[in-house]
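Below: the structure, in structure tokens.
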């Protein structure tokens, strides 16, 4: 029963990732695409957590943390790019 | 109008230390568990990239006055020298060994030569990733001075 619920949750998460992929391709504006990509990352983290419950292992915990860090930095980089147009400034106080 | 990003800078000041700690853990866990030199160096590069995004090049270079290309070169040299070191004992390239010593209070500690090789790999990955990011994201105002 428990395994059935977890498998169903994995299926619903993959459906959600597919819908967000549609939004990444179709999205009318750039912020839509960025938020869709950030949410795909969060859905992948949740899928990894469910997978580690299903397989009864601790091995995916580092992967989850690292994926959270990479997703966070990617979202910040994209947001800064659409706000400023450049990523790394030489001197901010000029 | 001057852009205001207090939230990003405050989060970065805390989050970069968490990322650095996590990458040190990943680097040291690579002996028996998932982890190792490559992903440890990549985690270090992630933390410094976050600092580059939240602050600017001038401020980060004040706190970290090193040349990233030199770090990459040193890492490759350490890795290759560790591999060549096994020739001194008549063993094939990149063979490794380990031993353990007893420290009175802490107990038995294992030392392996693979850690030195991993250090080289981590330095090479860190230097290469940061010099790529530093080169391709250059502000156009650098060319004017």
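Using the Kirkwood formula on the Cα atoms of the protein assembly as shown, what hydrodynamic radius do you get, in angstrom to one decimal? Please report the intermediate quantities before stating the final value.
Details: mean 1/r = 0.0477 Å⁻¹.
Hydrodynamic radius (Kirkwood, Cα only) of the protein assembly as shown equals 20.9 Å.
Could you quote the convex hull projected area for chain B, Cα atoms only and averaged over all directions, in nm²? Before the final figure, lay out each step's value.
On the way: hull surface 50.2 nm².
With the hull built on Cα positions only, its mean projection is 12.5 nm².
For segment A:2-83, report the % of Cα-Cα distances exceeding 16 Å. Can you show the working numbers first?
Numbers: 1884 of 3321 pairs.
The proportion of pairs with Cα distances above 16 Å equals 57 percent.
Shielding of A:79-90 by partners, i.e. mean partner chain Cβ atoms within 10 Å per residue?
On the way: counts 2, 5, 2, 0, 2, 2, 0, 5, 8, 13, 11, 11.
If you average over the peptide's residues, the count of other-chain Cβ atoms is 5.
What is the average number of partner chain Cβ atoms found within 10 Å of a Cβ in B:114-120? Before the final figure, lay out each step's value.
Details: counts 0, 0, 0, 0, 0, 0, 0.
Rounded to a whole number, the mean comes out at 0.
Give me B:110, A:89 sorted ascending by neighbouring Cβ count inside 10 Å, so fewest comes first.
Details: B:110 11, A:89 21.
Ranking B:110, A:89 by Cβ neighbours within 10 Å, fewest first, gives B:110, A:89.
Which value in nm describes the separation of the simple spin-label points at residue B:112 and residue B:64, placed 7 Å from the Cα toward the beta carbon?
Inter-label distance under the simple model: 2.8 nm.
What does the structure give for B:22-35 when I average, per residue, the other chain Cβ atoms found within 10 Å of the residue Cβ? Walk me through the numbers before you get to the answer.
Numbers: counts 4, 2, 0, 2, 3, 0, 0, 1, 0, 0, 0, 3, 7, 2.
Partner-chain Cβ atoms within 10 Å, mean over residues of B:22-35: 2.
Any chance you could check the Cα centroid distance between segment B:55-81 and segment A:74-94 for me, in angstrom?
22 Å
Per DSSP H run of at least 4 residues, take -39500 (n - 2.57); add these up for chain B, divide by its residues and hand me the 222 nm value, nearest 500 deg cm²/dmol. All intermediate terms of the calculation are to be shown ahead of the outcome.
Details: 5 runs with 90 residues, N = 145.
Result for chain B, helices only: -21000 deg cm²/dmol.
A short reminder: the numbers here are calculations on the coordinates, not readings from a lab. In this text, all values refer to a predicted model and were calculated from it rather than measured experimentally. All Cβ positions, glycine included, derive from the backbone under ideal geometry; neighbour counts span all protein chains shown.
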